[in-house]
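Reviewing the structure listed below.
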Amino acid sequence: MKNTALTQTHAALGAKMVPFAGYNMPVSYEGVNIEHETVRKSVGVFDVSHMGEFLIEGPNALDLIQKVSANDATKLSVGKAQYSYLPNENGGVVDDLIIYKIKDETYLLVVNASNIEKDWNHILKYNEAIGAEMRDLSDNYSLLAIQGPKAVEAMQSLSSHDLSAIKFYNFLVGDFAGIEHVIISATGYTGSGGFEIYCKNSEVQQVWDKVLEAGANFGIKPIGLAARDTLRLEMGYCLYGNDIDDNTSPLEAGLGWVTKFTKDFVNSEALEKEKAHGLERKLIAFELDGRGIPRHDYDIVDGQGKKIGVVTSGTMSPSLSKGIGLGYVPKIFSEVGSKINIQIRKNAIPATVIKLPFYKS
């Protein structure tokens, strides 16, 4: 089990620690509902240093990224980030990721913790013919997510840069919390605004301490992975391993908006044919009409009790106080307003297909 540079700090704060993606991670401190509300209403800080970071450099860097990722990285300029995914050869998804253009011919790929080795090997396989420079920085870098509507105001004293000027999916490399050359990025996973801070492991304790100090008057709290999951689900953001995986179609998962057929990428021809043929099923968002909590792997059934799909992510929404979830169903059940049922133990609880996001600030 790996530790982040802040594992002892979390333990000292009384965090409940659990194994996650091979790391010892804080799942909660005070409780998921309190932490969730803190991020929605003020500001919280997550240690997400388990995430992976790959540096792709050199004159062939863009060619490699264009080949392995579905989105069009030629649209990136320095200081901009892009959400994308790595398609596999069989119609599924190796991983979803964020691509940062650090400078000309230098890109940072941020991948999910559970997929670091798999992603690296997948990209490396295609790089044999392309020859970009690849470096795995995952074990040397830490990542803090400072999220919430008060994040800008609470953190402004820690940087000489105007944090309010960093637009969504933009970033800068600058000073923060007394450290030079950190990445300050507006690429959050909660839907409540804020930043992600990338720094070296040797620097993250100082950054963490100063973030909590600067945010004290704004009610900042450390937040665990349980609240991160409820926050992302309220926005309808996919979680790798639940909503997308090696066997799920990215088009059925609603990732057509980051699938650019203007270029050649891994399995692009097959995905283009799938799109032209029409999708047979889709990832939907639903709210329960009755009481209950939908959970991962619960059956989705029709009005006659016949299984039509499976819940991929589900929870009791702390913001909405109702059961919400995502799941795959045949296309005929995917229209907004469609009625479905979630099998919760012996009861089929009525639910309605809705348009994302669940939570609107």
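Restricted to region 1-74, the set of helices (runs of 4 or more DSSP H) holding at least 2 residues that are closer than 17 Å to Q147 by Cα, at pLDDT 95 or above and open to solvent by less than 40 Å² (accessible area, probe 1.4 Å) comprises 32-41.
At least 1 residues being of a type in the set (G, A, S) and free of Cβ contacts under 8 Å to residues at least 60 places away in the same chain is the threshold, and among the strands (runs of 3 or more DSSP E) wholly inside region 124-223 those reaching it are 171-176. Checked against the criterion of being within 30 Å of G148 (Cβ to Cβ), part of a strand (DSSP E or B) and aliphatic (A, V, I, L, M), the candidates A285, A253, A348 yield just one match: A285. Only one of the numbered conditions (1) farther than 23 Å from I34 by Cα; (2) among the β-branched types (V, I, T); (3) surrounded by 18 or more Cβ atoms within 10 Å (Cβ to Cβ) is violated by I332, and that is (3). In the set (1) out of contact with any helix residue (DSSP H, G or I) (no Cβ under 7 Å at 6 or more places or on another chain); (2) touching a residue at least 60 places away in the same chain (Cβ under 8 Å), the condition left unmet by D47 is number (1). Residues that are among the basic types (K, R), open to solvent by 60 Å² or more (accessible area, probe 1.4 Å) and assigned to a loop (DSSP other than H, G, I, E, B) within region 256-282 comprise just one, K260. In region 198-225, of all residues being open to solvent by less than 60 Å² (accessible area, probe 1.4 Å) and among the small types (G, A, S), the one that is farthest from A151 (Cα to Cα) corresponds to G224.
Does G31 satisfy the criteria of being without any contact (Cβ under 8 Å) to a residue 60 or more places away in the chain and not charged (D, E, K, R)? Taking the combined requirement at face value, the residue satisfies it.
Tell me yes or no: at least one residue of region 107-121 is of a type in the set (A, V, I, L, M), open to solvent by less than 20 Å² (accessible area, probe 1.4 Å), in contact with a Ser or Thr (Cβ under 6 Å, 6 or more places away or on another chain) and on the phi < 0 side of the Ramachandran plot. No, every residue in region 107-121 fails to be of a type in the set (A, V, I, L, M), open to solvent by less than 20 Å² (accessible area, probe 1.4 Å), in contact with a Ser or Thr (Cβ under 6 Å, 6 or more places away or on another chain) and on the phi < 0 side of the Ramachandran plot.
Kindly establish whether G241 is at positive phi, open to solvent by 30 Å² or more (accessible area, probe 1.4 Å) and not polar (S, T, N, Q). Yes; evaluated as a whole, the condition is true for this residue.
For first residues located in region 275-286 and at negative phi, partners that are open to solvent by 40 Å² or more (accessible area, probe 1.4 Å) and among the basic types (K, R) and lie 6+ apart or on another chain with Cβ distances below 7 Å form the pairs L279/K331; E280/K331; R281/K331; K282/K331.
The values are calculated or read from the model by the stated rules, or taken from the named source; none is laboratory data. Small disclaimer: the values here were computed from a predicted structure and weren't measured. All Cβ positions, glycine included, derive from the backbone under ideal geometry; neighbour counts span all protein chains shown. All accessible areas refer to the heavy atoms of the entire protein, side chains included, with ligands and DNA or RNA removed. Shrake-Rupley method; radii C 1.70, N 1.55, O 1.52, S 1.80 Å.
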